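Throughout, read-outs are computed from the coordinates displayed, never taken from laboratory work. In this text, all values refer to a predicted model and were calculated from it rather than measured experimentally. Here the Cβ is made from the backbone with ideal geometry for all residues, glycine too, and neighbour counts use every protein chain on show.
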Amino acid sequence: MVSLLKPGVTAERDRRQFPGFYDSGLWFSGSGGPIRPGFATRGGMRSPNQRAPRVCTSAVTYSGQTAVQADVDPIKTAIHGRDVEGYIAALGPLSLGAGVRNEHYSSEEEYMMAVAEACREEYKTITDAGLIVQVDEPGVLHVLDLLSRLECQ
């Protein structure tokens, strides 16, 4: 007999089966979300429980112009004259904006729209260079995991 897992329980199952990985904080280093090996910042791993709270106290603005251009330029050079399409993966607005206490905008919707507009600037830089944007939104899995725990009555 085949046993199917209930949708959304993978993350919780993984936490039970691999507690050392989750306790290490490796999954939570870098920009504050899940990372791939090799993208951790120097200075060791930090636990999500040791992370200082993030608070939005002024208008959200995009400040990654130099960094995204540094990603775009070598890809454009590498694919020049070849019959291939280049792409850059960029983090989505849900993952960037989640977990931040909003003290500036009048609503969470207004705050998240500001985050999305800031992301749009990065995405536009990538597409204006003729590259494809792959929006990575790992936060969606977290939301699905939370929704799977709700009981409807």
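Structure above, values below:
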{"item": "Sequence-distant residues sharing a close amide H with Tyr87 (under 5 Å, placed H)", "result": "Ile132"}
{"item": "Summed residue charge, Cβ within 13 Å of Gln69's Cβ, Lys/Arg positive, Asp/Glu negative", "result": "-3"}
{"item": "Amide proton proximity set for Asn102, modelled H, under 5 Å, gap of 5+", "result": "Cys56"}
{"item": "Whether segment 63-153 is rounded, prolate or oblate, judged on the alpha carbon gyration tensor where a/c under 1.5 counts as rounded", "result": "oblate"}
